[in-house]
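Contents: one structure, followed by commentary.
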Amino acid sequence: MTAPVIRIAMWSGPRNISTALMRAWGNRTDTAVIDEPFYAFYLNATGKRHPGAEEMIASGETDWRKIVQRLTGAVPGSKRIFFQKQMTHHLLPEVDRNWIVDLTNCFLIRNPREVILSYIKKNPEPTLEDLGFVQQQKIFEFIREQTGPVPAIIDAKDVLENPGRILRLLCNALGVEFDNAMLSWPAGLRASDGIWAKYWYDEVARSTSFQPYKPREGVVPDRLSEIHEQCRDCYDRLYELRLH
């Protein structure tokens, strides 16, 4: 009897360890991965000026309905697991949510102070929507309301402090066996990486495993204090429910 396909959607905000987690899943022989499938749609719809935006829009899919068909259709390479690295802020309000319910959803969270301090190095004036925390909480609440159980949540700091333990907990929560291949991977870029990898993935491309956690130094600028508080409220609610 053929094992059922498991489609895992991991919902994260920007400036997290989502790409390292994509590396971890992509190093499994039973798993296909897809990198931020709604990115071109998001850029086309919002007009955000991200590095390489025109190239991404030209080469990517900008019809969200076709993206959903791809995410819920045949798994690349006929793999048993389909890991989908999703950015919460890419799921704009006009995108129907009902298809998400049939996926195995999980959430990657990170302390908003560290997210903001990392984000402003690339974009010094982020909006609340750019950071994805509000959208992440809304997606979480939608899934919980529709399905009942609390979806799996992991925190970036917990992963970096003890990747083996947290990934075992995550796999157990998702109903898949843990694979030691998730703890290390070859350096370099991947064919499965988005074309934006050349702008954003330098550090991940050099990595061969999860890097030890290091607290980010600095203070959130006063001009972003209100946004930080709003992000913190969303983060704290999910943090209480995390796997640890």
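Side notes on the structure shown:
- Of the helices (runs of 4 or more DSSP H) lying entirely inside the stretch 108-200, those carrying at least 2 residues that are crowded, with 18+ Cβ neighbours inside 10 Å and among the aliphatic types (A, V, I, L, M) are 112-119, 133-147, 156-161, 163-174.
- Subset of the stretch 33-52 (residues that are surrounded by 20 or more Cβ atoms within 10 Å (Cβ to Cβ) and either of a type in the set (G, A, S) or assigned to a helix (DSSP H, G or I) (or both)): Y39, A40, F41, Y42, L43
- Residue ID - surrounded by the fewest Cβ atoms within 10 Å (Cβ to Cβ), chosen from residues in the stretch 78-98 that are among the aliphatic types (A, V, I, L, M) and more than 19 Å from A197 (Cα to Cα): L92
- Exclusive hit being among the hydrophobic types (A, V, I, L, M, F, W, C) and modelled with pLDDT of 95 or more, set A156, A191: A156
- Residue match in the stretch 108-123 (condition: among the acidic types (D, E) and either free of Cβ contacts under 8 Å to residues at least 24 places away in the same chain or within 18 Å of E61 (Cα to Cα) (or both)): no
- Within the stretch 205-225, residues that are assigned to a strand (DSSP E or B) have Cβ atoms under 7 Å from residues that are surrounded by 14 or more Cβ atoms within 10 Å (Cβ to Cβ) in these pairs: S209/L183; S209/S184, counting only partners at least 6 apart in sequence or on another chain.
- Evaluating V68 against the criteria (1) aliphatic (A, V, I, L, M); (2) surrounded by fewer than 22 Cβ atoms within 10 Å (Cβ to Cβ); (3) more than 24 Å from M182 (Cβ to Cβ); (4) touching a Ser or Thr at 6+ places or on another chain (Cβ under 8 Å) leaves one unmet condition, (4).
- Per-region count, the stretch 73-96, residues of a type outside the set (S, T, Y), under 15 Å from I8 (Cα atoms) and touching a residue at least 40 places away in the same chain (Cβ under 8 Å): 11
- Residue among V101, V68 that is of a type in the set (A, V, I, L, M, F, W, C), in a helix (DSSP H, G or I), touching a Phe, Trp or Tyr at 6+ places or on another chain (Cβ under 6 Å) and free of Cβ contacts under 8 Å to residues at least 60 places away in the same chain: V68
- Within the stretch 201-218, if we keep just the residues that are among the small types (G, A, S) and crowded, with 16+ Cβ neighbours inside 10 Å, the residue that is farthest from D158 (Cα to Cα) turns out to be A205.
- You will find that of T72, T104, T2, T29, the residue that is over 22 Å from Y201 (Cα atoms) and modelled with pLDDT under 95 is T2 and no other.
- Odd one out for V75 among (1) surrounded by 15 or more Cβ atoms within 10 Å (Cβ to Cβ); (2) over 18 Å from the mean Cα position of the chain (by Cα); (3) on the phi > 0 side of the Ramachandran plot: (3)
- Filter result for L241 (in a loop (DSSP other than H, G, I, E, B), of a type in the set (A, V, I, L, M) and at pLDDT 95 or above): yes
The values are calculated or read from the model by the stated rules, or taken from the named source; none is laboratory data. What you see is a predicted model, and the numbers here were worked out from it, not measured in a lab. Counting neighbours? That spans all protein chains shown, and the Cβs are built from the backbone with ideal geometry, glycine included.
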